[in-house]
Amino acid sequence: MKRFRRHGQESQRDRLKQELFQFNKTVEHGFPHQPSALGYSPSLQLLAIGTRSGAIKLYGAPGVEFMGLHDENAAVTQVHFLPHQVELVTLLDDNSLHMWTLKAHTGLSELLEIGRFTLTGPPGAPPSVTRVTAVLAHSSGELLLLGTEGGHVFIVEVPGFRELEERNISLDQVASSVPDDYIGRRNLEHVEALQENPVNPNQVVIGYGRGLMVIWDLEKQSAVQHIPATQQLESVWWTEDGDYLLSSHSDGSYCRWMVSGVDVNEEEEKSDIPYGHFPCKAISKIIQLPTEEGPPFLLFSGGMPRASYGDRHCITVIHGKTHVALDFTSRIIDFFAIRDGPQHTGTQHTGTQHTGTQHTGTQHTGPQHTGTQHTGTQHTGTQHTGTQHTGTQHTGTQHTGTQHTGTQHTGTQHTGTQHTEGWPVIQTPYLVPLHSSAITCSHHVSAIPLKLWERVLAVGDLQSTHYSKKPWPITGGQNLAPDPPQRDLLLTGHEDGTVRFWDASGVCLYPMYKLSTAGVFHTDADPNDNMNQGSEGEWPPFRKVGCFDPYSDDPRLGVQKIHLCKYSGYLTVAGTAGQILMLELNDEAAEQTVEAKVVDLLQGQEGFRWKGHTQLDVREEPVLFPPGFQPFALVQCQPPAVVTALTLHSEWKLVAFGTSHGFGLYDYQQKNNVLIKCTLNPSDQLAMEGPLSRVKSIKKSLRQSFRRIRRSRVSLRKHHVTNSNKLQEANARLEAELAEMELAPVQRKIEARSSDDSFTGLVRTIYFADTFLSDSSHNTPSLWAGTNGGCVFAYMLRLPPVEHRAEEPVTAQPAKEIQLMHRAPVVGIVVLDGHGAPLPEPLEVAHDLARSPDMQGSHHLLVISEEQFKMFTVRRVGVSWFGSSRSEDYGESGLVVLTNQGDVHVVSLPNVKMQVHYPCVRREDVSGIASCVFTKHGQGFYLISPSEFERFSVSTRCVVEPRCLVEVPLHSSTQRRPQPDGASSAHRNARQDSEDAESAAKRVMEHALLNDEKVLEEIQKSLEGDQTSILENNVKSAVA
């Protein structure tokens, strides 16, 4: 009976666990790492980005996001939406094509792969024959044209990926129709571009690498016109009226060709080199956008003078006499235009994809003033010196329809509206530039009070005046996710000394406000060295766009720790050079001097000499701080080592901090030091070197890296044959050794560590608590600090009465010192009240947002060390509240732990029992594990790349994930225009007959099936089965 009762209790606890805990990776915030392809659907109003790791991400209206991952570990090289459908095709660099669809399931859309295809050539043909270089999704929605490296064009029926061999356009067919004098001089090379005639869908232009362009009639299967360009071809654009072709070339030129049905002589070529006369880089893409009246917009990427500006990443916009080179901060992968009008779904914007940071800006080129030079302010990236100016030159008086350009860099998505004066950038609601400067730390604050939230938004709006007022132009899909239950902030610290505030309440991580701490110090940055300034008459007429700046002028500015009190509005920020800034929120600009209070953590110990970086020099003159968080106190640690622990108690007006040498307590009301404690081990000399002492100059290290690469290549060439056998033997030995080795276990015995280990005095955690420290009947404020050597220090604090708080000093006296037997680093300290609940945050009870702690029962001290829970190593720890999914009234506090294996564990409080554990981060992902931050409600964030946060949840109740629906456009497959495929009438009639027969058979089968109960049961079972396998086995029927 005892066993059965125990079993019942266990099963009840298991049910409760299911109601409390559930692991989900919910959404990825930020900009996709290493983007490699960009696509856009005007009918769906969706943007697609492919990456080098094989991911495909779709974005629509804010909150509408989808993600898919190819099984192949290959880069996505092209993305193409099928016109007026919910399907898209991706091309990978392994030459495989993949069909994806947005399929509705239980009222929500999900991105599914429904087919894959690889071109197969004739037996014995070289791979270049079928290596795809250009893809055209035909406007019929039923055909894909695939241009290859061998110069052939294959025509494939979609979505079933059936090759129509009789329709293929071979190189021989094209060559036989081209004038002999052209073929005699040049090989045509690969297919570089495929474009459809916007007016006549039967015609496509095939652009070959050597420059020849052939207009081909799909119905007649013959060439209509040949355009023999002389330069290497980069891209082709067919104007909207169908009258002209634009071609861009490798020498920085572009040409305009009339489409007349008559072959063009080379002498008639109209070439223009916008940035000649010196050699220029290739124009990789060109597009032309008509306007209702006046000249069209011409946009192209590249074309810069090779010697002077070959390192610039530019998109040039030319409209009449207006000419601007948008100078991006990272490599441009692709760009597209979104247009307004009855035949276009969406506004005419330009979207750009870069390779460094994500920008989405929209440039409106509209009412422009003759001869005026406008200079606007734009904040970009890692900024130490204030605002940066953009010089833009406008001439002409044309007013156009709205058009936006979207550009994708390797880290920045931009959309600019070409309708508003100055072509301002549109603020992006997603794809945020998290890594405009490298992220060095994170801090999450849950349930922000409305007043603080509105104040932060207000000061953030003052920083965004240079953005366009236009709404975000990409609006596809419906966001069906409920409104967030609370307001959450994610704060990220960066290498350039900035702290960025993000709205982390919902699916979109939205930028709210940026704080820069660099203004307090003299730095190596020159205020006059401003890349964003454009001088009048400068050629090319550059205008800086983007905020990706991964190189910090002074790495000592890097933010290492952040702590925000959401009730008082106080913020403390600690940095790489031992600086701790106290800041408070001010709605007005203020000019003030910040005085530094020096804290000598060595306490006069002899025999130590700091070999690391110097401290930052504080500005002695008053500094004008903009509205927002403004510094009013500064603590400077000596030696100026990295601050490793930080906490703030706004009710007591105290801030505590720790470094590798000790910890201190500072009273920011009286601006006095209260406590200084040195924790340095006499044998620990490494702690005196500092993290930046061995950093070499970037030029020197780069030079050495290139030399090493060259040496290794030479040595590989020399010894490739002789060393191959040795290499195989070494690999075999290594494999044998690895097979014998026992891999790192998830659990191991706790082993004692030597006190001679380096950095034993490094302070890992610091904590304030109002608890029973001296005896069990009198609670008192206290400070706790844990070190890398397994030592815990506890101090009693005496705070004067509130009425004398400004005059009487705060005092601290040592109460306890605990040395853990195994000497493992202490990573967390928590005091639990009489009910086993963690103590509330400062001012939380005063604001009636938490229950007063139980002071009747005994309190418990929970010390979390790296190996205390018999896990391999504890890396991150947090306390979270887990609400039940069944009962709103029930919930439990739990300790959330991330191990160095990448697993998340939830441990119950106060009895410290393991509840659940889930694999979360790959064990090899050291930076991901180190960057993890937990929230107060069972969620977490960690960096999956320098530019992306993965969001996850361990709670059943608190889950933030995309919930959206994308419907088939009205102009869907059932309303397609007549198929311009040139198929024989017999082929079309045969297909029509088969479809009629099929529909008749379906009606008969429906009548029979619906009157047979057994068959109905079988249908029900099959519907509940694996829908994905059905889709893959029968792609056509799944899509239909």
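The values are calculated or read from the model by the stated rules, or taken from the named source; none is laboratory data. Everything numeric here is computed off the predicted structure, so don't read it as measured data. Glycine gets a Cβ as well: all are built from the backbone with ideal geometry, and neighbour counts include every protein chain shown. The accessibility values were calculated without ligands, DNA or RNA, using every heavy atom of the protein model including side chains. Shrake-Rupley method; radii C 1.70, N 1.55, O 1.52, S 1.80 Å.
Taking strands (runs of 3 or more DSSP E) as the structural unit, those lying wholly within the range 871-951 and holding at least 2 residues that are among the small types (Gly, Ala, Ser), closer than 25 Å to Ala504 by Cβ and touching a residue at least 24 places away in the same chain (Cβ under 8 Å) correspond to 874-883, 891-899, 939-945.
For the range 509-540, a tally of residues being modelled with pLDDT under 70 and either within 25 Å of Thr316 (Cβ to Cβ) or more than 28 Å from the chain's Cα centre (by Cα) (or both) returns 13.
Within the range 189-201, residues that are touching a residue at least 24 places away in the same chain (Cβ under 8 Å) sit with their Cβ atoms under 6 Å from residues that are part of a loop (DSSP other than H, G, I, E, B) and open to solvent by 50 Å² or more (accessible area, probe 1.4 Å), at 6+ positions apart or across chains, in these pairs: Glu189/Arg210; His190/Glu149; Pro198/Glu240.
If you take the residues in the range 214-234 that are of a type in the set (S, T, N, Q) and more than 21 Å from Pro279 (Cα to Cα), which one is most open to solvent (accessible area, probe 1.4 Å)? Among residues in the range 214-234 that are of a type in the set (S, T, N, Q) and more than 21 Å from Pro279 (Cα to Cα), the one most open to solvent (accessible area, probe 1.4 Å) is Gln221. Scanning for something within 41 Å of the chain's Cα centre (by Cα), among the hydroxyl-bearing types (Ser, Thr, Tyr), outside any loop (DSSP other than H, G, I, E, B) and farther than 17 Å from Ala137 by Cβ, does the range 182-196 turn up at least one residue? No, that holds for no residue.
For (1) without any contact (Cβ under 8 Å) to a residue 12 or more places away in the chain; (2) open to solvent by 40 Å² or more (accessible area, probe 1.4 Å); (3) more than 22 Å from Leu38 (Cβ to Cβ), each residue gets a yes or a no:
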| site | (1), (2), (3) |
| --- | --- |
| Gly252 | no, no, yes |
| Ile273 | no, yes, yes |
| Gln288 | no, no, no |
| Asp327 | no, no, no |
| Phe335 | no, no, no |
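When each of Val879, Val897, Val863 is tested for being farther than 21 Å from Lys17 by Cα and open to solvent by less than 50 Å² (accessible area, probe 1.4 Å), the lone residue that passes is Val863. If the condition is being open to solvent by 100 Å² or more (accessible area, probe 1.4 Å) and more than 11 Å from Met796 (Cα to Cα), then the range 806-821 contributes Glu807, Glu817, Met821.
Inspection of the range 450-464 identifies no residue that is touching a residue at least 24 places away in the same chain (Cβ under 8 Å), in a strand (DSSP E or B), at negative phi and surrounded by fewer than 20 Cβ atoms within 10 Å (Cβ to Cβ).
The number of residues in the range 634-657 that are over 19 Å from Gly612 (Cα atoms) and polar (S, T, N, Q) comes to 2.
Hey, does the range 169-176 have a residue that's assigned to a loop (DSSP other than H, G, I, E, B), surrounded by fewer than 19 Cβ atoms within 10 Å (Cβ to Cβ), at pLDDT below 95 and charged (D, E, K, R)? No; the residues of the range 169-176 include none that is assigned to a loop (DSSP other than H, G, I, E, B), surrounded by fewer than 19 Cβ atoms within 10 Å (Cβ to Cβ), at pLDDT below 95 and charged (D, E, K, R). Only one entry of Ala75, Ala104, Ala55 meets the criterion of being surrounded by fewer than 22 Cβ atoms within 10 Å (Cβ to Cβ) and without any contact (Cβ under 8 Å) to a residue 24 or more places away in the chain, and that entry is Ala55. With the condition kept exactly as written, say whether any residue in the range 562-571 is modelled with pLDDT under 95, in a strand (DSSP E or B) and buried (at least 24 other Cβ atoms within 10 Å of the Cβ). No, the range 562-571 contains no residue that is modelled with pLDDT under 95, in a strand (DSSP E or B) and buried (at least 24 other Cβ atoms within 10 Å of the Cβ).
A quick yes/no check of all residues on (1) open to solvent by less than 50 Å² (accessible area, probe 1.4 Å); (2) under 30 Å from Thr760 (Cα atoms):
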{"position": "Asp600", "(1), (2)": "no, yes"}
{"position": "Glu620", "(1), (2)": "no, no"}
{"position": "Val623", "(1), (2)": "yes, no"}
{"position": "Gln630", "(1), (2)": "yes, no"}
{"position": "Gln636", "(1), (2)": "yes, yes"}
{"position": "Lys653", "(1), (2)": "no, yes"}
{"position": "Gln670", "(1), (2)": "yes, no"}
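For the range 789-828, filtered to residues that are among the polar types (S, T, N, Q) and without any contact (Cβ under 8 Å) to a residue 40 or more places away in the chain, the residue that is farthest from Arg764 (Cα to Cα) is Gln813. The condition of being closer than 30 Å to Thr873 by Cα and outside any loop (DSSP other than H, G, I, E, B) does not hold for Ala824.
Each residue in the range 541-552 was checked for being crowded, with 20+ Cβ neighbours inside 10 Å and either out of contact with any strand residue (DSSP E or B) (no Cβ under 6 Å at 6 or more places or on another chain) or modelled with pLDDT under 85 (or both), and 5 pass. Scanning the range 48-101 for residues that are hydrophobic (A, V, I, L, M, F, W, C) and under 15 Å from the mean Cα position of the chain (by Cα) turns up Ala48, Ile49, Ala55, Ile56, Leu58, Phe66, Met67. Consider the range 61-72 and keep the residues that are closer than 12 Å to Leu111 by Cβ, of a type outside the set (D, E, K, R) and in contact with a Leu (Cβ under 9 Å, 6 or more places away or on another chain). The one that is most open to solvent (accessible area, probe 1.4 Å) is Met67. Gly604 passes every criterion in (1) free of Cβ contacts under 8 Å to residues at least 12 places away in the same chain; (2) buried (at least 21 other Cβ atoms within 10 Å of the Cβ) apart from (2). Can you find even one residue in the range 135-143 that is open to solvent by 10 Å² or more (accessible area, probe 1.4 Å), assigned to a loop (DSSP other than H, G, I, E, B) and farther than 30 Å from Thr26 by Cα? Checked the range 135-143: at least one residue is open to solvent by 10 Å² or more (accessible area, probe 1.4 Å), assigned to a loop (DSSP other than H, G, I, E, B) and farther than 30 Å from Thr26 by Cα. Going through (1) open to solvent by less than 20 Å² (accessible area, probe 1.4 Å); (2) modelled with pLDDT of 95 or more one by one, Glu584 falls short only on (1).
Annotation note: of Ala55, Ala104, the sole residue that is at pLDDT 95 or above and aliphatic (A, V, I, L, M) is Ala55. Looking at (1) open to solvent by less than 40 Å² (accessible area, probe 1.4 Å); (2) modelled with pLDDT of 95 or more, which is the only condition Trp237 fails? The single condition Trp237 does not satisfy is (1). Selection within the range 658-709: residues that are over 26 Å from Val598 (Cβ atoms) and part of a loop (DSSP other than H, G, I, E, B). The member of this set that is modelled with the highest pLDDT is Ser683. Scanning the range 294-315 for any residue that is assigned to a strand (DSSP E or B), modelled with pLDDT under 90 and either open to solvent by 50 Å² or more (accessible area, probe 1.4 Å) or touching a Leu at 6+ places or on another chain (Cβ under 7 Å) (or both) turns up nothing.
The numbered conditions (1) at pLDDT 85 or above; (2) of a type in the set (Val, Ile, Thr); (3) in a loop (DSSP other than H, G, I, E, B) are all true for Thr347 except (1).
Yes/no matrix, rows are residues, columns are (1) modelled with pLDDT of 90 or more; (2) surrounded by 16 or more Cβ atoms within 10 Å (Cβ to Cβ); (3) on the phi < 0 side of the Ramachandran plot; (4) outside any loop (DSSP other than H, G, I, E, B):
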{"residue": "Ser754", "(1), (2), (3), (4)": "no, no, yes, no"}
{"residue": "Leu773", "(1), (2), (3), (4)": "no, yes, yes, no"}
{"residue": "Ser782", "(1), (2), (3), (4)": "yes, yes, yes, yes"}
{"residue": "Ala785", "(1), (2), (3), (4)": "yes, yes, yes, yes"}
{"residue": "Leu797", "(1), (2), (3), (4)": "yes, yes, yes, yes"}
